1. Run the simple label-point estimate for PHE75 and LYS132 please: 7 Å along Cα→C-beta, distance reported in nm.
2. Between ILE53 and ARG124, what is the label-to-label distance in nm when each label sits 7 Å out along the Cα-to-Cβ direction?
3. Compute the distance in nm between two label points, each set 7 Å from the Cα along the Cα-to-Cβ direction, one at ALA107 and one at GLN145.
4. Below 8 Å between Cα atoms, with a sequence gap of 6+, how large is the relative contact order for the stretch 39-92 in percent?
5. Tally Lys and Arg at +1 and Asp and Glu at -1 over the other residues with C-beta under 10 Å from the C-beta of ARG114: what net charge comes out?
6. How would you rank 39-48, 151-160, highest first, on the average number of other Cβ atoms within 10 Å across their residues?
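A short reminder: the numbers here are calculations on the coordinates, not readings from a lab. The model shown is predicted, which means the values in this text are computed figures rather than measured ones. Positions of Cβ are backbone-derived with ideal geometry, glycine not excepted, and every protein chain shown enters the neighbour counts.
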Amino acid sequence: MEGEEKTGVAAAGSDAPAPAQGAPRAKGDRRFTLGPDRRGAWVNGGLYALYAIVSLYIAVGVAEPNTPWFYVFYFLFFLAVFQGYTVVVRQCLHLTPRSPVQVAVAARRIRLTRKNGEELEITRDADYTRRKSVLVIQGKTHDNQKVSEVIRKGALGDEAFEALVAALKKVR
């Protein structure tokens with residue numbers, strides 16, 4: 001469990017509360033603290049900025065005003081800005097209050113701690129989807145609330161990311 005606690009939450013922001021202070025640690029509970037993924041933020045920010053600039057250029061410079069193509073590309077510009085903000089600020093840098101800062105995996109549950117101190121415990125239909133550098137954790141809480149969080153590989157590091165995947169395999 002050495003690699004799990006090495007990335008610090010304090011780097012994500014000075015106003016971040018210490019995760020899971022009041023929650024007792026159960027036997028076999030593995031905790032993974034998420035840090036900011038600065039490389040992912042630069043890459044995704046650049047790609048979404050390029051997408052937004054091209055969409056705005058086509059909407060304003062190429063498409064005729066008041067035509068359907070003008071509105072399609074104008075809409076795509078705002079979609080790129082919104083999605084880029086969400087990916088960079090929430091998923092990569094963990095700056096919003098609802099950003100995940102810690103994942104705890106036990107035998108039958110997954111506990112997600114958010115930056116604002118809120119804890120969500122996935123107890124039903126727990127599942128995950130792994131892509132090359134992204135892990136999507138999904139499930140339902142005890143009160144049937146659907147939860148879906150994106151964990152980036154850069155937020156944990158390679159070894160801790162693989163340890164999290166191995167721990168999640170036992171929950172399935």
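1. 3.0
2. 4.8
3. Each label point lies 7 Å from its Cα, and together they span 2.6 nm.
4. Value for the stretch 39-92: 50 percent.
5. Details: positive: ARG98, LYS115; negative: GLU118, GLU119, GLU149.
Net charge in that neighbourhood comes out at -1.
6. Per-residue Cβ counts within 10 Å, averaged per peptide and sorted highest first, yield 151-160, 39-48.
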